[in-house]
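Working notes for the structure below.
The values are calculated or read from the model by the stated rules, or taken from the named source; none is laboratory data. Quantities reported herein were computed from a predicted structural model and do not represent experimental measurements. Cβ placement follows ideal geometry from the backbone for every residue including glycine, while neighbour counts extend to all protein chains displayed.
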Amino acid sequence: MTDNASTPRVALVTGTSSGIGEAVVRHFCEQGHQVLAVDFNPAGQEVAERAGAVFFQADLTDGEACKAAVAEALKRFGRIDILVNNAGIQHVAPIEEFPESQWRRIIDLMLTAPFLLTQAAWPSMRENGWGRIINIASVHAQVASPGKAAYISAKHGMIGLTKTAALEGGDQGITANAICPAYVKTPLVDNQIADQARMHGMEEQEVIEKIMLKNAAVKRLIEPSEVAELVAYLASDAAGAVTGASWNMDLGWTAQ
Ligand SMILES: NC(=O)c1ccc[n+]([C@@H]2O[C@H](COP(=O)([O-])OP(=O)(O)OC[C@H]3O[C@@H](n4cnc5c(N)ncnc54)[C@H](O)[C@@H]3O)[C@@H](O)[C@H]2O)c1
């Protein structure tokens with residue numbers, strides 16, 4: 001898929017201080033794109049600079065910060081061609097005990113922020129007659145697991161946002177697609193492995209094999225770079241006919 005490198009573009013990527021976002025920024029920079037890397041963690045500065053991107057610090061649970069991030073990209077680069085909504089967090093608790101504050105934070109970051117960023121970036125894409133919106137959803141946008149009510153609700157909602165954007169962007173050169181990965185080797189998953197190992201009194205390797213890969217046909221975790229490759233394809237000129245789709249990269253989880 002790397003052969004599908006498109007014309008140099010301007011990309012805004014969220015959640016870039018580690019994991020999938022970091023891999024996407026690196027891949028885009030290698031392709032010659034100009035990238036605004038947006039994260040609330042100041043560690044994102046060094047990560048962005050190392051890749052050749054520009055860092056913008058913003059807590060995307062704040063709607064004004066979402067608009068400021070888009071304004072910064074427009075000020076620096078004059079346009080936005082590609083938006084990758086990737087920032088995410090996780091909180092695990094049964095519905096009965098799920099803290100309202102965590103519910104609101106997750107929905108704000110993982111559903112409202114992608115909406116506000118899409119809305120703010122849209123005029124630039126429409127004016128140029130070319131745009132790519134790529135939403136990093138999850139296998140949990142397709143199926144549920146207990147204990148993750150807010151995450152799963154946000155990710156299912158993201159699919160609805162993706163499809164709506166695809167329909168509205170169809171005659172404006174704007175495509176919108178979602179990627180639905182199973183477990184990817186990132187700090188978000190490392191923390192879950194450690195938590196689950198403590199919770200179930202298991203070794204970490206046992207958690208990976210017996211819990212995380214229970215439904216997987218391909219018995220391994222996904223590399224962030226594998227997700228970045230798919231993002232790059234969806235962001236390319238070659239993917240112009242692909243829109244409104246949810247791309248499972250789930251090791252076969254939902255095939256059963
Ligand atoms: N790792 C997986 O197994 C997996 C699977 C499916 C989907 N995803 C999704 O991929 C995306 C990236 O996750 P990851 O695994 O790379 O995790 P990660 O923890 O490595 O990265 C998440 C990024 O989001 C940033 N972030 C968190 N809160 C923020 C806020 N309020 N404002 C701005 N930035 C904020 C973090 O600083 C971090 O850089 C998430 O949306 C996640 O739900 C991950």
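Select, from Leu161, Leu213, Leu188, the only residue that is under 16 Å from Pro114 (Cβ atoms) and either surrounded by 14 or more Cβ atoms within 10 Å (Cβ to Cβ) or of a type in the set (Phe, Trp, Tyr) (or both). Quick ask: steps written out before the conclusion?
On the way: Leu213 fails: under 16 Å from Pro114 (Cβ atoms); Leu188 fails: under 16 Å from Pro114 (Cβ atoms).
Of the residues listed, the single one that is under 16 Å from Pro114 (Cβ atoms) and either surrounded by 14 or more Cβ atoms within 10 Å (Cβ to Cβ) or of a type in the set (Phe, Trp, Tyr) (or both) is Leu161.
Are there helices (runs of 4 or more DSSP H) fully within the range 176-256 with at least 2 residues that are modelled with pLDDT of 95 or more? List them.
Working: elements: 187-200, 204-207, 224-234.
Ranges flagged: 224-234.
Considering every residue within the range 96-108, establish whether at least one is over 20 Å from Ala23 (Cα atoms), buried (at least 21 other Cβ atoms within 10 Å of the Cβ) and of a type outside the set (Phe, Trp, Tyr). Give the steps one after another, and end with the answer.
Looking only at the range 96-108, we keep the residues that are over 20 Å from Ala23 (Cα atoms), and these are 96-108.
If we keep only those that are buried (at least 21 other Cβ atoms within 10 Å of the Cβ) too, we end up with 106.
Applying the additional criterion that residues be of a type outside the set (Phe, Trp, Tyr) yields 106.
Yes; the residues of the range 96-108 include at least one that is over 20 Å from Ala23 (Cα atoms), buried (at least 21 other Cβ atoms within 10 Å of the Cβ) and of a type outside the set (Phe, Trp, Tyr).
Are any residues in the range 193-210 within 14 Å of the ligand (Cβ to nearest atom) and surrounded by fewer than 17 Cβ atoms within 10 Å (Cβ to Cβ), and if so, which ones? Step through it out loud before you land on a result.
So the first thing to find is which residues in the range 193-210 are within 14 Å of the ligand (Cβ to nearest atom), and the list is 193-196, 207-208.
Within the range 193-210, Ala194, Asp195 meet the criteria.
Condition first: on the phi > 0 side of the Ramachandran plot and surrounded by fewer than 19 Cβ atoms within 10 Å (Cβ to Cβ). Can you find one or more residues in the range 216-234 that meet it? Working first, answer last.
Taking the range 216-234 as the starting set, the residues that turn out to be on the phi > 0 side of the Ramachandran plot are none.
The answer is no, given that none of the residues of the range 216-234 is on the phi > 0 side of the Ramachandran plot and surrounded by fewer than 19 Cβ atoms within 10 Å (Cβ to Cβ).
Pairs, please: C-beta under 6 Å, at least 6 apart or cross-chain, first residue in contact (Cβ under 8 Å) with a residue 60 or more places away in the chain and in the range 177-192, second of a type in the set (Ser, Thr, Tyr) and more than 6 Å from the ligand (Cβ to nearest atom)?
Ala178/Thr162; Ala178/Ser246; Cys180/Ser246
Of the residues Ala178, Ala197, only one is closer than 30 Å to Glu127 by Cβ and among the aliphatic types (A, V, I, L, M); which? Talk me through it step by step, then tell me what you get.
Values: Ala197 fails: closer than 30 Å to Glu127 by Cβ.
After ruling out the rest, the residue left standing is Ala178.
Out of all the residues in the range 143-152, which are more than 15 Å from the chain's Cα centre (by Cα) and surrounded by fewer than 24 Cβ atoms within 10 Å (Cβ to Cβ)?
We begin by selecting, within the range 143-152, every residue more than 15 Å from the chain's Cα centre (by Cα); these are 143-150.
Passing the criteria: Val143, Ala144, Ser145, Pro146, Gly147, Lys148, Ala149.
If I ask for residues that are among the β-branched types (Val, Ile, Thr), within 16 Å of Ala239 (Cβ to Cβ) and at pLDDT 95 or above, which ones from the range 1-54 would you list?
Our first condition is that a residue be among the β-branched types (Val, Ile, Thr); within the range 1-54, this holds for 2, 7, 10, 13-14, 16, 20, 24-25, 35, 38, 47, 54.
From what is left, the residues that are within 16 Å of Ala239 (Cβ to Cβ) are 2, 7, 24.
Across the range 1-54, the qualifying residue is only Val24.
Yes or no: the range 22-30 includes at least one residue that is over 29 Å from Gly129 (Cα atoms) and among the hydrophobic types (A, V, I, L, M, F, W, C).
To start, the set of residues in the range 22-30 that are over 29 Å from Gly129 (Cα atoms) comprises none.
Scanning the range 22-30 turns up no residue that is over 29 Å from Gly129 (Cα atoms) and among the hydrophobic types (A, V, I, L, M, F, W, C).
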